[in-house]
1. Go from 0 up to the bin containing the longest alpha carbon distance in segment 46-104, width 10 Å each, and give me the % of pairs per bin.
2. Computed FRET efficiency, Cβ-Cβ of R128 and D68, R0 41 Å: what is it to the nearest 0.05?
3. Dipole of segment 30-101, Cα-centred, from +1 at each Lys and Arg C-beta and -1 at each Asp and Glu C-beta, to the nearest 20 debye?
4. Just check segment 69-162 against the gyration tensor rule for me: Cα atoms, a ≥ b ≥ c as the square roots of the eigenvalues, rounded for a/c under 1.5, and otherwise prolate or oblate depending on whether a/b exceeds b/c.
Amino acid sequence: MSERKLPLAGALLLAGALFTTSAVIHAQEGGSAAVAVATTGEYGAHLTDAKGKPLYMFTADKQGKAGDKAVSNCHDQCAQAWPPLVTNGEPVAGDRADKSLLGTIQRKDGSVQVTYNGWPLYPFVKDRKPGEIAGQDVHGFGGEWYLVQPGGEKLQSEAGKG
């Protein structure tokens, strides 16, 4: 399995410039967030946002299951590099996404984050366009980041290839 690390210095460099961008994107989108499924040759089927950008889960988060609420442990600088997928309404299941796996949690800043199979979802700021996947198997901010499969499980790097 390949392992990539996000250098703290790199994340901090991005943080200032991207904080404003993240807030502007949220304000422009308004409404409900959508989750869909895309397929790439390298990773196979995985979740994306409404614009086709990949969505990730964070191993340092708490998955909500069996009546327990999910918990996001990505805040401050982490949330600038991995801005939470937030919504102003019920999330929408787009192409091939399972509506029954969608949910939400309230973040400590009061925003509402989309979950899938109990995992809080995040795009990655280095994924600038649909199909670009720079965040798979990245280690940073006290955990690891993985694409999410349509069934709601993390995509191990070698499991999705081929």
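Each reported figure results from applying straightforward, stated rules to the coordinates on display, with no laboratory input. The model shown is predicted, which means the values in this text are computed figures rather than measured ones. Cβ coordinates were reconstructed from backbone atoms using ideal geometry, including for glycine residues, and neighbour counts include every protein chain displayed.
1. For segment 46-104, the pair-distance distribution reads 18, 52, 29, 1.
2. For R128 and D68, the calculated efficiency is 0.75.
3. My answer is approximately 80 debye.
4. The shape class here is oblate.
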